[in-house]
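K.L.:
The structure's right below; bear with me while I get my questions together.
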Ligand code: FES
């Protein structure tokens, strides 16, 4: 199942959520892995998945909502904008990420979200798109990255 799916038939959604819950059925601390898998499958954690997650983990719906709203990675609504995670941790700050972030504060074609250390501190500022890390970013390299991301999203 694609992580960018926008409209999934309810039966397909229910079946995929049931499959993900079954994969993690006997796992300690299954909440975050379940949420990550559902987010990867649908691009968000659908509101309709929350009762099933709560039931599987013997939690209240409010507890599941609380975890989803606590972590920036999780969304209950599909977000059509591609996400670029820009490292805002100390080494990237020392290498100019704040100026880079400020230069793109008005960018509306992508969502620029913070992430805190990608483990490549000596080659920052760094960003992550999906699983790919992009290093040594300056204004022109980041602009090119934004353009490429927008074009790939539209394709
Ligand atoms: S501080 Fe940015 S990669 Fe470590």
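Every number here is computed from the coordinates shown, using simple stated rules; none is lab data. Given the structure is predicted, the values throughout are model-derived calculations rather than measurements.
K.L.:
Which whole-angstrom value gives the distance between the alpha carbon centres of the range 35-74 and the range 15-34?
P.N.:
Computed from Cα coordinates, the inter-centre distance equals 11 Å.
K.L.:
While we're on this one: Just the Cα atoms of the range 77-155: what Rg and Dmax do they give in Å?
P.N.:
Taking only Cα atoms of the range 77-155, I get Rg and Dmax of 11.8, 36 Å.
K.L.:
Still on this structure, I have one more. Which percent, to the nearest 5, of DSSP beta bridges fully inside the chain are antiparallel?
P.N.:
About 50 percent, rounded to the nearest 5.
K.L.:
Rounded to the nearest 500 deg cm²/dmol, what is the calculated helix-only ellipticity per residue at 222 nm for the chain, with -39500 (n - 2.57) per DSSP H run of length n ≥ 4?
P.N.:
-14000 deg cm²/dmol
K.L.:
Once fully extended, how much extra length lies between residue 12 and residue 54, figured as 0.36 nm per residue of separation less the alpha-carbon to alpha-carbon distance?
P.N.:
Value of the extension gain: 13.2 nm.
K.L.:
Enter the per residue convex hull volume of the chain, computed from alpha-carbon coordinates, in Å³ rounded to the nearest integer.
P.N.:
Values: hull volume 18.9 nm³, N = 155.
Spelled out: Cα convex hull of the chain, divided by residues, is 122 Å³.
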